[in-house]
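What follows is a set of notes on a single structure, which appears directly below.
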Amino acid sequence: MGFKHYFISFLLFAFAENISAQTKTDTIQKNQLEEILISSLHINDSLLNAPASIGIVSEKDLQRNNNADITTAINRISGVLMQSGSYNTNRISVRGIGARTPFGTNKIRAFYGNIPLTSGDSETTIEDIDVENIDHVEIIKGPLSSLYGAGLGGAILLTPKISEDFGDKTKISSTFGSYNLAKNTIGYSHSQKSYTFNISYHKLATDGWRENSAYKREGFTLAGALFRKKKSKLTYFGNYTYMKAYIASSIDKNNFYNNPRSAAFTWKSAKGFEQYDAYLGGLAYEYGFSKIKNVTSIFVNHKESDEPRPFNILKQNTTAFGARTQFSGYFDSKNKNSFIAGMEYFRDNFKGRTFENLYQTNNGLGSAQGNQLTEVFQNRTFYNVFAQFRSLLSKQFEIQTGININKTKFDFENVMPSENASNQKSDYGAIVSPQISLLYKPGNLQTIYASVSRGFSTPAIEETLNVDGTINTNIKPENGYNIEVGGKFYFLSKTLFTEIALYRMEIKDLLVAQRVGDDQYVGVNAGKTLHQGVEFSVNYTTKIHRLFAVNPYLTASIGDFTFKKFVNNDIDYSGNELTGVPKNKVNAGVVFNTDFGVYLLADFQFVDQMPINDANSVYNNAYRIWNAKMGWRFNFHKGFTSHIAVGINNISDERYASMVLVNATAFGNATPRFYYPGLPVNYYAQLSFAYSL
């Protein structure tokens with residue numbers, strides 16, 4: 001008997017075992033939607049009772065694609081757009097906040113558990129964390145949480161996946177796809193009453209579909225808890241990541257339509273890439289006494305990077321460390337008045353150097369390091385003091401108030417070139433961000449809320465510098481008030497969940513990054529922007545047969561994002577649409593589950609056209625992406641589970657820009673390079689095994 005017959009026999013045996021065990025999905029078993037719990041660091045314990053718009057990406061949501069990229073899952077949240085030029089080039093904007101950032105994500109703070117993923121320079125990178133090490137993601141939209149810094153764009157909370165099941169568990173998973181995509185993960189967990197231990201290793205590699213776009217990332221993650229008791233535990237976390245990604249960069253309109261696989265000529269010639277080693281670690285101790293609980297954490301984050309670029313070679317070394325303590329509890333014996341209060345300290349030390357790139361005289365071998373050009377040191381420190389209070393006025397009404405006080409300062413030393421040598425300090429003073437919310441419960445499964453909150457965003461150090469390298473002390477942090485009303489409702493015996501939010505936010509002291517060179521930007525406060533819109537989501541589950549259930553969902557956002565007052569370089573852009581954000585975005589999909597583990601899912605994303613320069617003379621076209629996946633989860637032996645799946649992304653082979661470089665500037669006779677082409681139609685297959693003792 002050949003391998004094919006053995007394999008078929010194995011599948012038939014597994015299928016029979018699966019049916020006999022009657023392994024059912026949660027949807028089939030309960031035929032209703034589960035109530036969504038949120039992070040224990042919030043003052044509320046569930047999404048329904050939180051007077052804020054919080055987007056939730058569950059573990060199932062994270063696994064609806066190829067386990068290699070988090071972008072598709074994040075984009076299912078209304079009001080949130082994650083653009084991805086490649087695995088290492090991403091920009092997340094929330095309600096238009098952060099849309100004009102030239103590269104990367106800022107104005108949004110991110111945490112992995114209690115550990116900040118955002119640098120002191122406001123740069124956020126979440127793609128280093130392996131998708132399979134994330135339990136779920138929460139995105140707080142807007143400055144509605146005093147606890148996480150009151151950032152204008154909100155906060156992203158990634159919850160580590162830590163096995164709580166007693167005993168031992170081993171898991172192996174693999175994904176293979178187009179363009180030689182290969183991702184392999186192996187994990188082991190051990191849990192006892194007093195401790196848990198989780199360790200995993202992952203490796204992700206692809207040749208990339210564009211020139212000069214090969215990517216490789218691998219890393220180890222360690223997490224768990226020690227000294228677990230009824231009211232106390234010590235949790236620990238460690239992560240190491242090595243990444244090397246060649247950079248195709250953005251291309252102009254002609255190449256985008258006629259040769260999208262091409263890389264920018266200079267980046268291809270230099271064989272430009274980004275490479276780094278990153279280390280992240282932290283401890284958190286949780287202790288409860290009487291009606292009070294305290295969580296105190298410390299962390300360290302270190303990153304060494306090397307980035308040969310056509311215009312120079314950049315080497316960076318950053319070490320960040322800090323601590324956070326948070327008390328929560330009740331003021332009264334009837335638990336009607338609760339609070340959270342604490343403080344956070346953060347500091348990072350940065351060293352950056354640039355060198356000549358001699359790729360043009362390197363016989364076609366790519367980048368070669370020449371003489372040193374610049375050297376800078378930056379020390380960035382901030383303190384957050386925060387508090388939030390909740391009072392139950394009656395069975396139907398509650399009120400929440402909060403405050404965040406931030407003090408940010410930085411030291412900047414310019415060592416090279418010597419003619420620009422300087423040592424300067426900057427301090428923004430105390431920034432006070434208050435918040436108040438009112439929650440009304442017309443029923444046990446419905447809530448309506450209204451809130452007013454203030455947020456801020458400090459500029460990156462580079463945005464505060466003049467052309468000669470001195471600090472422009474006139475630069476101010478962006479700030480604004482967010483007004484929001486919304487509702488969350490369960491209907492039809494808890495099989496239908498809907499959520500709606502209406503918001504209006506006006507941002508003052510808009511920070512504009514003016515490009516004055518290949519790698520140099522000068523910041524100015526140039527005016528005001530208006531962000532307003534409606535967000536809607538619906539999630540439904542129903543059993544259409546004894547063996548089948550269907551779960552359709554829809555999320556949509558309609559926005560109006562404009563420059564209310566904006567004058568830059570003596571040009572008046574007031575009234576124009578805000579750059580880099582679409583007015584409309586829709587995500588929809590459906591999941592078919594069966595009683596015997598087979599499932600089928602499909603999802604759709606529509607992103608409307610968006611202006612990509614402040615003059616609104618150039619727009620990125622609207623696009624539509626269809627994805628589908630089919631799989632089978634089954635048990636073929638006690639404690640031994642498996643998952644087989646195949647999927648296809650961008651079914652219609654849509655030509656679209658998955659990321660844009662806003663306000664791209666042309667140098668010499670070149671045309672502006674606005675576009676990062678998105679992946680054409682691509683395929684993948686997955687296989688995983690898990691064994692529990």
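The values are calculated or read from the model by the stated rules, or taken from the named source; none is laboratory data. In this text the structure is predicted, and so the values were computed from the model without any measurement. Heads up, the Cβs are rebuilt from the backbone with ideal geometry, glycines too, and the neighbour counts pull from every protein chain shown. Heads up: the accessible areas ignore ligands, DNA and RNA and are worked out on the full protein's heavy atoms, side chains in. Shrake-Rupley method; radii C 1.70, N 1.55, O 1.52, S 1.80 Å.
Ranked from largest to smallest solvent-accessible area, with a 1.4 Å probe on the protein heavy atoms, D45, D653, D411 come out as D45, D653, D411.
Each of F382, T594, F563 was scored by the projection of its Cα onto the charge dipole of the chain, and the greatest displacement toward the positive side belongs to T594; charges sit on the C-beta of Lys, Arg, Asp and Glu. As a calculated quantity, the FRET efficiency between T170 and I571 at R0 = 51 Å, using C-beta atoms, amounts to about 0.25. With contacts taken as Cα pairs under 8 Å at a separation of at least 6 residues, the chain carries a relative contact order of 13 percent. Taking region 408-432 and a reference point 7 angstrom along Cα→Cβ of K351, the backbone N atoms nearer than 19 Å belong to 411-418, 421-424.
A 1.4 Å probe run over the chain, with the rest of the protein chains in place, finds 43 Å² accessible per residue. The simple spin-label model puts a point 7 Å past each Cα toward its Cβ; for E304 and L438 those points are separated by 5.7 nm. Spin-label pair N335-I544: with each label point 7 Å from Cα along the Cα-Cβ axis, the two points sit 4.2 nm from one another. Its Cα centre serving as origin, region 344-421 has a Cβ charge dipole (Lys and Arg +1, Asp and Glu -1) of approximately 460 debye. Projecting the Cα atoms of P308, M243, S146 onto the charge dipole of the chain (Cβ charges, centred on the Cα centre) puts S146 farthest toward the positive pole.
Which pairs, out of K336/K494; K336/K395; K268/K351; K216/K268, put more than 20 Å between their alpha-carbon atoms?
Numbers: K336/K494 27 Å; K336/K395 10 Å; K268/K351 27 Å; K216/K268 18 Å.
In this structure, K336/K494; K268/K351 exceed 20 Å between Cα atoms.
On the chain, 57 percent of the accessible area sits on carbon and sulfur atoms, based on a 1.4 Å probe. With a cut-off of 11 Å between beta carbons, the residues surrounding A263 carry a summed charge of +4, where Lys and Arg count +1 and Asp and Glu -1. Using the Cβ-Cβ distance between N258 and I651 with R0 set to 22 Å, the FRET efficiency works out to roughly 0.40. Stretched out straight at 0.36 nm per residue, the stretch from Q369 to V485 would grow longer than its current Cα-Cα span by 36.2 nm. For region 230-283, trypsin sites (Lys or Arg not before Pro) are listed when DSSP marks them as loop and at most 12 other Cβ atoms sit within 10 Å of their Cβ; the list is K230, K231. Using a probe of 1.4 Å, the accessible surface attributed to E463 totals some 30 Å² when neighbouring protein chains are kept in position. Taking 0.36 nm per residue of sequence separation and removing the Cα-Cα distance, the Y195/S391 pair yields an extension gain of 67.0 nm.
Taking the highest mean first, how do the peptides 384-395, 355-366 order by number of other beta carbon atoms within 10 angstrom per residue?
Result, highest mean Cβ count within 10 Å first: 384-395, 355-366.
With the whole protein complex present, W626 retains an accessible surface near 130 Å², based on a 1.4 Å probe. Neighbours of V137 by Cβ distance under 15 Å: Lys/Arg scored +1, Asp/Glu scored -1, total -3. For the chain, the dipole from Cβ point charges (+1 on Lys and Arg, -1 on Asp and Glu) about the Cα centre works out to 1920 debye, to the nearest 20.
The distance from the alpha carbon centre of region 328-398 to that of region 575-602 is 30 Å, rounded to a whole number. With 21 Å as the limit, the listed pairs K291/K334; K425/K476; K141/K583; K60/K233; K315/K425; K60/K293 have K60/K233; K315/K425; K60/K293 beyond it between alpha carbons.
For F176, the accessible area of its heavy atoms, probed at 1.4 Å with every protein chain present, is near 110 square angstrom. Among N258, L234, G208, whose Cα projects farthest towards the positive end of the dipole of region 184-268, with charges put on the beta-carbon of Lys, Arg (+1) and Asp, Glu (-1)? Of the listed residues, the answer is L234.
Summed over qualifying helices (DSSP H, 4 residues or more, each -39500 (n - 2.57)) and divided by its residue number, the chain shows a 222 nm mean residue ellipticity of -1500 deg cm²/dmol.
Cross-link pairs exceeding 31 Å between alpha carbons, from the set K107/K564; K203/K638; K107/K169: K107/K169.
The alpha-carbon of K171 sits under 12 angstrom from the alpha-carbons of these aspartates and glutamates, leaving out residues fewer than 8 places away in its chain: E132.
To the nearest 0.05, what FRET efficiency results for K564 and L222 with a Förster distance of 51 Å applied to their C-beta separation?
0.60
When only the Cβ of Lys, Arg, Asp and Glu is charged (+1, +1, -1, -1), the dipole of region 195-275 relative to its Cα centre reaches about 640 debye.
The length gained on full extension between R624 and S46, counted as 0.36 nm times the residue separation minus their Cα-Cα distance, comes to 204.8 nm.
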